[in-house]
Ligand SMILES: [Fe+2]
Ligand SMILES: [Fe+2]
């Protein structure tokens, strides 16, 4: 049945207040973002951060010892886990699990946070996976921007949960997600996500990429690195949705933004389905396994289990 409640845009002020009330990200996240931005960061730097957090250490060892990674012997220390899973994977997992623990809202009923976080993992992992062969720039920030790109959706939910239920119902009925958010909230999740990143004092490049990941709101003359980050996140988001890792029942109708298609073409980058399919399938399998092994997120109340 259609939702007939009267539309009450949450309004900029309410949203800004919600952003201001967001919990601080733990110090370990800032340190991990620094490590992501530092091409000279070592496994020892990462071990130092992870070993300070017993819960995080347990999660990483659990993943390393899972059947998915199929190690023939028990992995009992962090160094061995980093060898098996890889430096980037452990660094990004550590960051993601800390963000989830800090801001997962309790009792979300509008959508499944499990699906939401899987989408975030997928976009971050794809942004990281694309980076090496196509853009050849340091990949750390790409994961962070990819993982956080839709964080504005959680902020919108926190500002007005019933309005988010209306947005999700609209998307599942085939309407455009951004247009629904603007209609119901008066702004969209990309805009609000940028505010949240600024609140958390994340690097400007990441903040700009989150704010512009649907192809709008770019600074007038963004740096090349900023443009690349936006392109990467935009494409990773698109592929995550096409791979079925979105957080609404109906896949959003995202198309490659014309400006980003043009920018990619100018650089001779063509997104060939045949080339990307193996990467997307492998990443989706890894995300599914990770989310399941670590029991990330919760299903929506209506999913019943
Ligand atoms: Fe988005
Ligand atoms: Fe997204």
Anything in region 148-184 that is under 26 Å from residue 96 (Cα atoms), within 15 Å of ligand 1 (Cβ to nearest atom) and part of a loop (DSSP other than H, G, I, E, B)? List them, or say none.
149, 150
Reported set for region 42-73 where residues are outside any helix (DSSP H, G or I) and within 22 Å of residue 100 (Cβ to Cβ) is 51, 52, 53, 65, 66, 68, 69
Out of contact with any strand residue (DSSP E or B) (no Cβ under 6 Å at 6 or more places or on another chain) and either within 16 Å of ligand 2 (Cβ to nearest atom) or within 30 Å of residue 30 (Cβ to Cβ) (or both): which single residue out of 186, 193 fits that description?
193
Could you check residue 198 against (1) more than 16 Å from ligand 1 (Cβ to nearest atom); (2) under 22 Å from residue 97 (Cα atoms); (3) surrounded by fewer than 24 Cβ atoms within 10 Å (Cβ to Cβ); (4) in contact (Cβ under 8 Å) with a residue 12 or more places away in the chain and say which number it fails?
(4)
Can you pull out every residue in region 131-156 that is at pLDDT below 90 and either away from ligand 2 (no atom under 15 Å from the Cβ) or closer than 17 Å to residue 113 by Cβ (or both)?
131, 132, 133, 134, 135, 136, 137, 138, 139, 140, 141
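The values are calculated or read from the model by the stated rules, or taken from the named source; none is laboratory data. Quick caveat: nothing in here was measured; it's all calculated off a predicted structure. We place every Cβ from the backbone using ideal geometry, glycine too, and count neighbours over all the protein chains shown.
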